[in-house]
Amino acid sequence: MHAQTSGHFVNSRWEERPLGPGGTGPRLARASVSNTFTGVIEAGDTDCVHAIAYAADGGGSYTGMQLPTGRVAGREGSLVPEERGSFGADGTVRGAFE
């Protein structure tokens, strides 16, 4: 079953490790994150892992898997949505879960 909805989440933990050589060019990182969701998804301290690609201009893209456990549209349980998004050098972030 697929449904489209919206909500909010806040990072409560962000631990990032660089991958490969550093420098000013493109680089990769892995982040272990905890999020708290509100809205249709109600879940606290959700574990997440992101793979992040940083561009030389400060923008980039990411993909990650989440494991929220809580309530989704009134039903209790867990699910594993995939998150994909991008961010600009100005701090704007756009993402979607599937």
> Given (1) exposed (fewer than 15 other Cβ atoms within 10 Å of the Cβ); (2) out of contact with any Cys (no Cβ under 8 Å at 6 or more places or on another chain), where does Phe87 come up short, assuming only one miss?
Replying inline: (1)
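Restricting to the stretch 15-26, and then to whatever is in contact with a strand residue (DSSP E or B) (Cβ under 7 Å, 6 or more places away or on another chain) and either free of Cβ contacts under 8 Å to residues at least 24 places away in the same chain or in a loop (DSSP other than H, G, I, E, B) (or both), can you tell me which residue is farthest from Arg94 (Cα to Cα)?
Of all residues in the stretch 15-26, those in contact with a strand residue (DSSP E or B) (Cβ under 7 Å, 6 or more places away or on another chain) come to 15-20, 26.
Checking which are either free of Cβ contacts under 8 Å to residues at least 24 places away in the same chain or in a loop (DSSP other than H, G, I, E, B) (or both) leaves us with 15, 17-20, 26.
On the way: Glu15: 20, Arg17: 22, Pro18: 22, Leu19: 23, Gly20: 25, Pro26: 20 Å.
Out of the qualifying residues, it is Gly20.
Restricting the search to the stretch 80-98, which residues are in contact (Cβ under 8 Å) with a residue 24 or more places away in the chain, within 21 Å of Thr46 (Cα to Cα) and not aromatic (Phe, Trp, Tyr)? I'd like the intermediate steps shown before the answer.
Quick first cut of the stretch 80-98, residues in contact (Cβ under 8 Å) with a residue 24 or more places away in the chain only: 83, 85-89, 95, 97.
Keeping just the survivors that are within 21 Å of Thr46 (Cα to Cα) gives 83, 85-86, 95, 97.
Glu83, Gly85, Ser86, Gly95, listed by residue number.
From the set of residues in the stretch 12-27 that are open to solvent by less than 80 Å² (accessible area, probe 1.4 Å) and under 30 Å from Ala73 (Cα atoms), which is modelled with the lowest pLDDT? Steps first, answer last, please.
Going through the stretch 12-27, the residues open to solvent by less than 80 Å² (accessible area, probe 1.4 Å) turn out to be 12-13, 16, 19-20, 22-23, 25.
Of the ones still in play, those that are also under 30 Å from Ala73 (Cα atoms) are 12-13.
Values: Ser12: 87, Arg13: 91.
Ranking the qualifying residues of the stretch 12-27, first place goes to Ser12.
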> Which of the following residues is open to solvent by 80 Å² or more (accessible area, probe 1.4 Å), more than 10 Å from the chain's Cα centre (by Cα) and among the hydroxyl-bearing types (Ser, Thr, Tyr): Thr46, Thr36, Thr5?
Replying inline: Thr5
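The values are calculated or read from the model by the stated rules, or taken from the named source; none is laboratory data. Computed from a prediction, not measured in an experiment: that's the story for all the values here. Heads up, the Cβs are rebuilt from the backbone with ideal geometry, glycines too, and the neighbour counts pull from every protein chain shown. What goes into the accessible areas is simple: the full protein's heavy atoms, side chains included, and nothing from ligands, DNA or RNA. Shrake-Rupley method; radii C 1.70, N 1.55, O 1.52, S 1.80 Å.
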